[in-house]
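Data first, discussion second: the structure below is written as structure tokens.
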Amino acid sequence: MKRVFSTFILTLIVALTLINTAQSRPFIWADDEAYWPAIYRGKNGKPAGIFNDILTEVFKRLNIPLKKEVYPWKRAQMLVKEGKADGMVTVYTKERRKFTVATEPIWEVEETLFFRRDNPKACKILKINSFDDLKGFTLVDIQGSGWTKEQYKAHGIKNVIWVPNTDSAFNMIARGRADIFIMFNLNAFRLLTEKRAQGGPLSECYKNIVAIMPSFAKLKFRLLIRKSSPFAKMVNDINRVLEEMKKDGTFKRIRQKYAGIVPIP
């Protein structure tokens, strides 16, 4: 009986130590520098966007300091995986389940297919409804895109060109070197609008890039916390605050703030 009680006390001490450790230092959040308007590097060089607004409020309510920085997406994920950051906001894939725990969804993102209207395969592209339909096309995608990479593997899709960022991906489509790019629609529409207005030899090519509507997929983004982080024990607390924010209108205000920010071409 004494041994059982001692084990219980030791477990309690360890749990309390983890909680105190979590609260004694900031939560280190690493994320994408170019996933506008969800999360991106603002004009002042600091993180900005929808996810920034949400997490800033969450950790404020939890009375936990939040240290945040944005990087190229592949690097941000590595920082979390290697223990140099506590968490990131993204889709909970099979690979990420191996080293993180997840909160309830904080936002839903729509992914859309983009292609050139003058592509010889345009009629076939317009008939795409699933990943199986992507076979026979050349795709371009961004390094570190875990959700699409997982889907490509599951559906036996190997004809994918991996590039470092969104700008490079759209350049591949504009130049006709790839048929399809699957991208967060708001981010894509903004970039296309900017590229079309810049002029230059590729501006006409960018004017030919269009999207298949409605969206190809809707993805639930969550705060993923590394399993070895002391903050992994606080998922329920974070979920509680997220639910409070939904009930008190905070999410509605954030949604209104970003509503209608990009005209669809």
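The values are calculated or read from the model by the stated rules, or taken from the named source; none is laboratory data. This structure is a prediction, so every number in the text was calculated from the model and none was measured. No Cβ is skipped: glycine too gets one built from the backbone with ideal geometry, and neighbour counts run over all protein chains shown.
Remarks
- Residue match in the stretch 216-232 (condition: farther than 25 Å from residue 26 by Cβ and touching a Ser or Thr at 6+ places or on another chain (Cβ under 7 Å)): yes
- Check on residue 109, touching a residue at least 60 places away in the same chain (Cβ under 8 Å) and within 12 Å of the chain's Cα centre (by Cα): yes
- The condition (being closer than 19 Å to residue 91 by Cα, assigned by TED's automatic domain parsing to the domain that holds residue 134 and touching a helix residue (DSSP H, G or I) at 6+ places or on another chain (Cβ under 8 Å)) is satisfied by just one residue among 174, 211, 178, 188: 188.
- For the stretch 150-196, the set of residues classified as within 20 Å of residue 123 (Cα to Cα) and polar (S, T, N, Q) consists of 159 only.
- Any hit, the stretch 243-253, residues being under 29 Å from residue 193 (Cβ atoms), out of contact with any helix residue (DSSP H, G or I) (no Cβ under 7 Å at 6 or more places or on another chain) and either surrounded by 12 or more Cβ atoms within 10 Å (Cβ to Cβ) or not β-branched (Val, Ile, Thr) (or both): yes
- Among the residues of the stretch 87-116, those that are hydroxyl-bearing (Ser, Thr, Tyr) and closer than 22 Å to residue 235 by Cα comprise 90, 92, 93, 100, 103.
- Taken over the stretch 59-75, the criterion of being surrounded by fewer than 22 Cβ atoms within 10 Å (Cβ to Cβ) and either of a type in the set (A, V, I, L, M) or within 28 Å of residue 141 (Cβ to Cβ) (or both) is satisfied by 62, 64, 66, 68, 69, 71, 72, 74, 75.
- Scanning the stretch 21-54 for residues that are small (Gly, Ala, Ser) and over 14 Å from the mean Cα position of the chain (by Cα) yields 22, 24, 42, 45.
- Residue match in the stretch 215-235 (condition: without any contact (Cβ under 8 Å) to a residue 60 or more places away in the chain and of a type in the set (Phe, Trp, Tyr)): no
- Residue satisfying condition, being closer than 19 Å to residue 39 by Cα and at pLDDT below 95, within set 146, 136: 146
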